[in-house]
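What follows is a single structure, written as structure tokens, with notes after it.
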Amino acid sequence: MQRLLLLLLSAFLFASCRELRIHDEKTWAKIYDVPGIQHPSFIMRDHTHESVHFVDKEECLRRTLPASTFKIFNSLVALETGIAPDDKLLIKWDGVTRDIPAWNKDLTMREAFQESAVWYYQELARRIGKPTMQRYLDTANYGNKTISVIDSFWLDNSLQISPDEQVGLIRRLYFNDLPFAERSQRITKSMMLREDSSRYKLYYKTGWGCIENKTDVLWVVGFVERIEKVKEMKGSMNNSDIRAYPYFFAQRFEIAHGDTSRDWAAFRIELLKKVLREAGAM
């Protein structure tokens, strides 16, 4: 059954990208040849050159829990339904002391997104409710669209999504093509901005989940805009000489649960930037 699913997903990938150039990046795979990393995958869609680049096709098609990358979708639903009127929605801290000090206070949605505060988004999901959340998962065709418990389904391995599907979601978000209002998508994208320089703007959401107390799944999902200054011809309809070229990406790898051999939270960002630089995206 798993093999059949991979074949079907593979067929979908190549069907949906039939107008694109597809590249198996063997040299990028070496970047993930690091002790402790298991099942690495990376997929990037270069919109400008209409090309897709990947590390390990089968891994890019394999679904796992999205962990906190689901905060992207959770935010969209909260904004769309009015559960969150805007990114300033303040939810009072429940008083439970957690390991991450930044979580132990009242938070706005923007703050909770930036700090990846699980409790805040669990409360958002409870306020949204299962029927409404299910309707949006179905409408947007998010992964396997499966909800178990409303405040943990993206963490308990019931909801699953592949890196390939993540890239598709992010691309649609970038172009305001998801089944949400433009405002909901614009606010969500703004919360994803992590680095803003004269050369590029990097937007992403991380995720870290655990499967059966054995395997940790680490994600980084988002897009980068490479900024270039171009000289417009006289009479051009463009009002600016600044151009932003988007690249959509999803990186995922696994480590053994409890592995403290390095700072994996920071290291996954180092790896991401290394690949993006290799790709010429930043």
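Bear in mind that the values in this text are calculations on the coordinates, not laboratory data. Because the structure is a prediction, the values reported are computed rather than measured. We place every Cβ from the backbone using ideal geometry, glycine too, and count neighbours over all the protein chains shown.
Go through 112, 84 for me and flag whichever is in contact with a Phe, Trp or Tyr (Cβ under 7 Å, 6 or more places away or on another chain), among the small types (Gly, Ala, Ser) and surrounded by 13 or more Cβ atoms within 10 Å (Cβ to Cβ). If you could, list the steps in order and put the result at the bottom.
Details: 84 fails: in contact with a Phe, Trp or Tyr (Cβ under 7 Å, 6 or more places away or on another chain).
None of the other options fit; the residue is 112.
Kindly provide the set of residues from region 172-200 that are in a loop (DSSP other than H, G, I, E, B) and either on the phi > 0 side of the Ramachandran plot or touching a Phe, Trp or Tyr at 6+ places or on another chain (Cβ under 7 Å) (or both), ordered by number. Working first, answer last.
We begin by selecting, within region 172-200, every residue in a loop (DSSP other than H, G, I, E, B); these are 175-181, 197-199.
Selection gives 176 alone.
What number goes with the only condition from (1) closer than 14 Å to residue 251 by Cα; (2) in contact with a Leu (Cβ under 6 Å, 6 or more places away or on another chain) that residue 172 does not pass?
Of the numbered conditions (1) closer than 14 Å to residue 251 by Cα; (2) in contact with a Leu (Cβ under 6 Å, 6 or more places away or on another chain), the odd one out for residue 172 is (1).
I'm checking my understanding of the structure. Among residues of region 134-171 that are surrounded by fewer than 19 Cβ atoms within 10 Å (Cβ to Cβ), assigned to a helix (DSSP H, G or I) and in contact (Cβ under 8 Å) with a residue 24 or more places away in the chain, which one is nearest to the chain's Cα centre (by Cα)?
By that ranking, first place goes to 171.
Can you name the number of the only condition in (1) among the hydrophobic types (A, V, I, L, M, F, W, C); (2) buried (at least 21 other Cβ atoms within 10 Å of the Cβ); (3) under 15 Å from residue 77 (Cα atoms) that residue 117 fails?
All conditions are met except number (3).
Would you point out which residue out of 203, 247 is over 20 Å from residue 76 (Cβ atoms) and either part of a strand (DSSP E or B) or free of Cβ contacts under 8 Å to residues at least 60 places away in the same chain (or both)?
Working: 203 fails: over 20 Å from residue 76 (Cβ atoms).
Being over 20 Å from residue 76 (Cβ atoms) and either part of a strand (DSSP E or B) or free of Cβ contacts under 8 Å to residues at least 60 places away in the same chain (or both) holds for just one of 203, 247, which is 247.
Condition first: without any contact (Cβ under 8 Å) to a residue 40 or more places away in the chain and more than 27 Å from residue 61 (Cα to Cα). Can you find one or more residues in region 186-193 that meet it?
Taking every residue of region 186-193 in turn, at least one turns out to be without any contact (Cβ under 8 Å) to a residue 40 or more places away in the chain and more than 27 Å from residue 61 (Cα to Cα).
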